[in-house]
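Down below is the structure, laid out as structure tokens.
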Amino acid sequence: MLQGTEKREQPLINLKGYLIGNPITDPKFEKNFQVQGAHGFGIISDQIYEAAMKNCKGNYVKPANQLCAEVLETIDNLISEITDAHVLYKKCVVATPKPIDDAVRRKFLLEESIERNEAPGLDCFTYGYYLAYFWMNNRMTRDALGIKGGTVGEWVRCKKELPYTQDMP
């Protein structure tokens, strides 16, 4: 797999992303694989899957016709009922301190953004993310980690301002 990625063979796999727990490859590939994945998990029926295959011809990113757009809307509605990160997780709000846009949501496999004062339920896998925000921005935590005051701004999980290059050079 690594040699294929180095040779620029498709699909390109972001191995670093897989290793750190965020297996995003490419938004176009992710969206196109989503339909097959939803069918494989039984989230969409054979009938819906076949309609998508027939009307979209494997391109689920930009619908080329009205029938494709309609079946993709149906699939999106069904998929919206599950957690992006794992189909077996309970659907919960994601504990980010500030609203994030849709492209970032997809990049980090998140469902929705919440404000700081909206905590997910204790039974949600995202509750730990919510607590991490407060823990990492706590002065005593930062002192214990040796972070000098004023050198590091607010800690945010999945910070979108980090330098990132989509394609390998």
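Going by the structure shown, is residue 44 under 15 Å from residue 87 (Cα atoms) and surrounded by 15 or more Cβ atoms within 10 Å (Cβ to Cβ)?
In short, yes.
Going by the conditions given, is residue 44 assigned to a helix (DSSP H, G or I), over 26 Å from residue 158 (Cα atoms) and at pLDDT 90 or above?
Here the answer is no, as residue 44 does not meet what is asked.
Would you point out the residue of region 71-93, among those that are more than 14 Å from the chain's Cα centre (by Cα), modelled with pLDDT of 80 or more and closer than 15 Å to residue 40 by Cα, that is surrounded by the most Cβ atoms within 10 Å (Cβ to Cβ)?
75
State which residue is modelled with the lowest pLDDT when the search covers only region 94-134 and only residues that are part of a loop (DSSP other than H, G, I, E, B) and among the aromatic types (Phe, Trp, Tyr).
108
Looking at (1) modelled with pLDDT of 60 or more; (2) surrounded by fewer than 16 Cβ atoms within 10 Å (Cβ to Cβ); (3) closer than 19 Å to residue 87 by Cα, which is the only condition residue 6 fails?
For residue 6, the exception is condition (3).
For region 50-66, enumerate the residues that are closer than 18 Å to residue 30 by Cα and assigned to a helix (DSSP H, G or I).
Those that are closer than 18 Å to residue 30 by Cα and assigned to a helix (DSSP H, G or I): 52, 53, 56.
The values are calculated or read from the model by the stated rules, or taken from the named source; none is laboratory data. Fair warning: this is a prediction, and the values are worked out from it, not measured in the lab. Glycine gets a Cβ as well: all are built from the backbone with ideal geometry, and neighbour counts include every protein chain shown.
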